[in-house]
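The values are calculated or read from the model by the stated rules, or taken from the named source; none is laboratory data. Computed from a prediction, not measured in an experiment: that's the story for all the values here. Cβ sites come from the backbone with ideal geometry, for glycine too, and all protein chains shown count toward neighbours. Quick note on the areas: whole protein, heavy atoms, side chains included, nothing else; ligands and nucleic acids left out. Shrake-Rupley method; radii C 1.70, N 1.55, O 1.52, S 1.80 Å.
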Amino acid sequence: MLVLGIESSCDETGVALYSTQEGLLADALFSQVELHEVYGGVVPELASRDHLRRLTPLVRQVMKQAGKQLTDLEAVAYTAGPGLIGALLTGASLARSLAFALEIPALGVHHMEGHLLAPLLEERPPEFPFVALLVSGGHTQLIQVEGIGEYQLLGESLDDAAGEAFDKTAKLLDLGYPGGPRLAKLAEQGHSGRFKFPRPMTNRPGLDFSFSGLKTHTLTCVRELQSQGELSEQDLADVAWAFQDAVVDTLVIKCKRALKQTGYQRLVIAGGVSANTELRQRLEKTLQGMGGEVFYPALQYCTDNGAMIALAGALRLAAGQKDAEQPPALRPRWPLMELPSIQPLTTSGAATCD
Ligand code: KG4
Ligand code: ZN
């Protein structure tokens, strides 16, 4: 089955073409970073307008890249939530119109399921069951995954998501937008051991997270340094290092706990923050020590992209799921656990699932 995937939930326009027989055929992305940079964050109305500008050319681009015609398409998958409503509407309108005109099914995909399944795009995909750590700008969740749509929430952030904490802390260090990658880059120059930030909610049982206090802790640390004089580049890097170390350490501790609790050996990390090198390395090392394995998407599929939506959509469409004639409303908020399960088609990649 040949599926066009469209992602437009936030500040990236992603379009991809996925074949259940041949895998990912083409993939294109337009990032709105420059557009929002001057405002220090995503401006929803500007995001929607820019998606409108980029979507059609990106669809043409992936079709050309794969040497396919629109008439070759067998289904269209699009992000139906969670996300910014105006931004979601742009991708959904194009996807549904295309599907209607071509008389093929359309399917609204859950953005976080896209992230969760993105490691299945890799040559060495994880087998079910596994524990998934979803870490993005809006979510920090630990999920027990037994199959597609078989999700049990083990724990989540009670306040800021991990990505949000990175972004807000980057802002108070004057690093601008997008904060996460910039803070991570600065932390590379930082010295370990100069500051030790708390590991929130690790000294009590449970798998929930809380990251908003870390931001305040960073602010207090910066103010203290400022009271001694102007901050040097090294001061900033040391603070960034301590913040990243605290977030990563907290995530690692909770992942270990989730694996112990479930008895699983496999951990998947996905979502924008899974692009963080320190997090990847620390989890690799930890899982090695436990005799387990960690799986994550290639860097370009950690942050928002069309390929993960094409893949997640293709797996569900190939199992017979599709939008009703009157498609459901888009969902700016949409708990992942509400998704229906589908029969597992394959656990070793999606090549044989039609
Ligand atoms: O998954 P994503 O692209 O969008 C959402 O669904 O939210 O995640 C974006 C988030 C942002 O908060 C961004 O700062 C964070 O992921 N991020 C990072 C890194 N790359 C992206 N955080 C830490 N280190 C990184 N290298
Ligand atoms: Zn995302």
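Restricting the first residue to the range 274-290 and requiring it to be in contact (Cβ under 8 Å) with a residue 60 or more places away in the chain, which pairs with a second residue that is open to solvent by 30 Å² or more (accessible area, probe 1.4 Å) and among the β-branched types (Val, Ile, Thr) meet a Cβ separation below 8 Å and a spacing of at least six or different chains?
Ala275/Thr303
Going by what's in this entry, would Leu24 be described as touching a residue at least 24 places away in the same chain (Cβ under 8 Å), open to solvent by 70 Å² or more (accessible area, probe 1.4 Å) and within 20 Å of the chain's Cα centre (by Cα)?
Spelling it out, it is not the case that Leu24 is touching a residue at least 24 places away in the same chain (Cβ under 8 Å), open to solvent by 70 Å² or more (accessible area, probe 1.4 Å) and within 20 Å of the chain's Cα centre (by Cα).
I'd like to know if the range 62-70 contains one or more residues that are crowded, with 21+ Cβ neighbours inside 10 Å, in contact with a Gly (Cβ under 7 Å, 6 or more places away or on another chain) and over 28 Å from Leu175 (Cα atoms).
no
Of the conditions (1) open to solvent by 10 Å² or more (accessible area, probe 1.4 Å); (2) more than 30 Å from Leu70 (Cα to Cα), Leu120 clears all except one; give me its number.
(2)
Filtering the range 128-169 down to residues that are more than 16 Å from ligand 2 (Cβ to nearest atom), hydrophobic (A, V, I, L, M, F, W, C) and in contact (Cβ under 8 Å) with a residue 60 or more places away in the chain, which residue is nearest to His217 (Cα to Cα)?
Leu142
For the range 74-91, how many residues are open to solvent by 10 Å² or more (accessible area, probe 1.4 Å) and out of contact with any Lys or Arg (no Cβ under 8 Å at 6 or more places or on another chain)?
Within the range 74-91, residues that are open to solvent by 10 Å² or more (accessible area, probe 1.4 Å) and out of contact with any Lys or Arg (no Cβ under 8 Å at 6 or more places or on another chain) number 7.
Got a sec? Which of Leu120, Leu153 is in contact with a helix residue (DSSP H, G or I) (Cβ under 9 Å, 6 or more places away or on another chain), modelled with pLDDT of 95 or more and either more than 24 Å from Asp323 (Cα to Cα) or part of a loop (DSSP other than H, G, I, E, B) (or both)?
Answer to the selection: Leu153.
Here's the yes/no breakdown for (1) of a type in the set (A, V, I, L, M, F, W, C); (2) more than 30 Å from Leu2 (Cα to Cα); (3) free of Cβ contacts under 8 Å to residues at least 24 places away in the same chain; (4) surrounded by fewer than 24 Cβ atoms within 10 Å (Cβ to Cβ):
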residue	(1), (2), (3), (4)
Asp238	no, yes, no, yes
Gln261	no, yes, no, yes
Leu267	yes, no, no, no
Gly292	no, yes, no, yes
Tyr301	no, no, no, no
Met308	yes, no, no, no
Ala312	yes, no, no, no
Leu315	yes, no, no, no
Ala319	yes, no, no, yes
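Identify the residue in the range 152-211 that is more than 11 Å from ligand 1 (Cβ to nearest atom) and of a type in the set (Lys, Arg) and, among all such residues, is surrounded by the fewest Cβ atoms within 10 Å (Cβ to Cβ).
So, considering only residues that are more than 11 Å from ligand 1 (Cβ to nearest atom) and of a type in the set (Lys, Arg), the one surrounded by the fewest Cβ atoms within 10 Å (Cβ to Cβ) is Arg204.
May I ask you to verify whether Ala87 is touching a strand residue (DSSP E or B) at 6+ places or on another chain (Cβ under 8 Å), touching a residue at least 12 places away in the same chain (Cβ under 8 Å) and either in a helix (DSSP H, G or I) or within 16 Å of ligand 2 (Cβ to nearest atom) (or both)?
It is false that Ala87 is touching a strand residue (DSSP E or B) at 6+ places or on another chain (Cβ under 8 Å), touching a residue at least 12 places away in the same chain (Cβ under 8 Å) and either in a helix (DSSP H, G or I) or within 16 Å of ligand 2 (Cβ to nearest atom) (or both).
Return the total of residues in the range 123-141 being within 16 Å of ligand 1 (Cβ to nearest atom), in a strand (DSSP E or B) and either of a type outside the set (Val, Ile, Thr) or at positive phi (or both).
Matching residues across the range 123-141 total 4.
Output the residue which, of all residues in the range 104-117 that are within 13 Å of ligand 1 (Cβ to nearest atom) and part of a helix (DSSP H, G or I), is surrounded by the most Cβ atoms within 10 Å (Cβ to Cβ).
His115
So, restricting to helices (runs of 4 or more DSSP H) that lie completely within the range 159-268, which ones have at least 2 residues that are at pLDDT 95 or above and within 24 Å of Tyr296 (Cβ to Cβ)?
Answer list for the range 159-268: 162-172, 179-187, 233-262.
Examine the range 337-353 for a residue that is at pLDDT 95 or above, open to solvent by 50 Å² or more (accessible area, probe 1.4 Å) and part of a helix (DSSP H, G or I), and state whether such a residue exists.
yes
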